[in-house]
1. Rounded to the nearest Å, what's the spacing between the alpha carbon centres of the stretch 7-84 and the stretch 242-259? Just the number, please.
2. Would you list 175, 210 from the most to the least accessible area, probe 1.4 Å?
3. Charges at C-beta only: +1 for Lys and Arg, -1 for Asp and Glu. How large is the resulting dipole of the chain about its Cα centre, in Debye rounded to 20?
4. Select from 39, 284, 122 the residue whose mean-square fluctuation is largest in a Gaussian network model of the chain (Cα-Cα springs shorter than 10 Å).
5. Of 48, 232, 164, which has the largest mean-square fluctuation in a 10 Å C-alpha GNM of the chain?
6. Counting every Cα pair in the stretch 174-263, what percent are over 19 Å apart?
7. Using just the helices of the chain, give the 222 nm mean residue ellipticity in deg cm²/dmol: DSSP H runs with n ≥ 4 each add -39,500 (n - 2.57), and the total is spread over all residues, rounded to 500.
8. Just check the chain against the gyration tensor rule for me: Cα atoms, a ≥ b ≥ c as the square roots of the eigenvalues, rounded for a/c under 1.5, and otherwise prolate or oblate depending on whether a/b exceeds b/c.
Amino acid sequence: APTVAQEDFLSLKDYSTEEILDLLNLAIELKKPENKHLPLLKGKVLGMIFEKSSTRTRVSFEAGMLQLGGHAMFLSSQDTQLGRGETIADTARVLSGYLDGLMIRTFHQSAVEELAKFSSIPVINGLTDDYHPCQVLADLMTLIEHFGELKGRKLAYIGDGNNMANSLMIGAAKVGLDIAIAAPKGYEPQAEMVELAQVIAKDSGSVVTVTHDPVEAVKNSDAIYTDVWASMGQEAEAIKRLNDFEGFQVNAELVQHAKADYIFMHCLPAHREEEVTTDILEGPHSVIFQEAENRLHAQKAVLVTLIGD
Ligand code: CP
Ligand code: NVA
């Protein structure tokens, strides 16, 4: 397993390019069928705190820990004392006495940072309102499987300037992949996130741009990525967003501006006929289920690196 300077996995911004590439190489190794059950985490226990719903994250972490010889424990915040007001700081110190690692999916990035601060065991970010680094690791892995070297390739992200947009910008900037975000006015990623990605991109030579024009973003791209228009926690805005995102659907017309061998990506879950049409989602360019599978392999690499002996 690669050695990393960080004890936790909270955002890709904390990881060097080399550390990210090492994690990706390990993920590709662990994906080989003969390596599926290496007992690298024998007897280790991962706690998984969920304050939001999940299919992929929960099941891939749980399956991954089992395949590595360890165990994972689903901790819904509703059913723990967290839901009754016990603090994150107390929870962190208690759970550190039982477990070897913690994964958390929650709203505020500050809650994940608080958990990491008070835990003596590694903490993994399983999605916040700001970031989704596990997903982006799986996405970079998928891109490598398709294109090999990522330098000089272009990813177009069409839609909401949300956690996926933020993490994709940072991940792309780290590995030298160009990224163009197209979002409606008022839904761009936060300026500080764009600046951060642009600073990181200076080192790798990648180009990070934000536009309001989906065609401009998709032009000459190798991959087109989209995500839901209303994320978890934004259910009340869903109707308004349907209107505000008009013109930002990934459909047969838009993808014509990409390279002929482009791939279509989505973190899932998807809303068919909203951010993407069914023909694109189910079409020959779509790699959505490969991405979903790669969550397992990418997270096994993170787990082995952070909590392996
Ligand atoms: N992509 C993703 O994180 O999916 P889940 O919400 O199902 O975990
Ligand atoms: N942006 C979405 C991603 C889900 C994996 C959300 O936060 O709900």
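1. So the two Cα centres are separated by 34 Å.
2. These residues rank, largest area first, as 210, 175.
3. 660 debye
4. Top of the fluctuation ranking is 284.
5. Of 48, 232, 164, the Gaussian network model singles out 232 as fluctuating most.
6. Numbers: 1900 of 4005 pairs.
Every Cα pair in the stretch 174-263 considered, those over 19 Å come to 47 percent.
7. Computed ellipticity for the chain at 222 nm equals -12500 deg cm²/dmol.
8. Working: a/c = 1.74, a/b = 1.41, b/c = 1.23.
Prolate is the answer for the chain, as a/c is 1.5 or above and a/b outweighs b/c.
The values are calculated or read from the model by the stated rules, or taken from the named source; none is laboratory data. If you're wondering where the values come from, they're calculated on a predicted model, not measured in any experiment. In this analysis, Cβ positions are derived from the backbone assuming ideal geometry, glycine residues included, and neighbour counts consider all displayed protein chains. Protein only, heavy atoms only, side chains kept; ligands, DNA and RNA dropped before computing areas. Shrake-Rupley method; radii C 1.70, N 1.55, O 1.52, S 1.80 Å.
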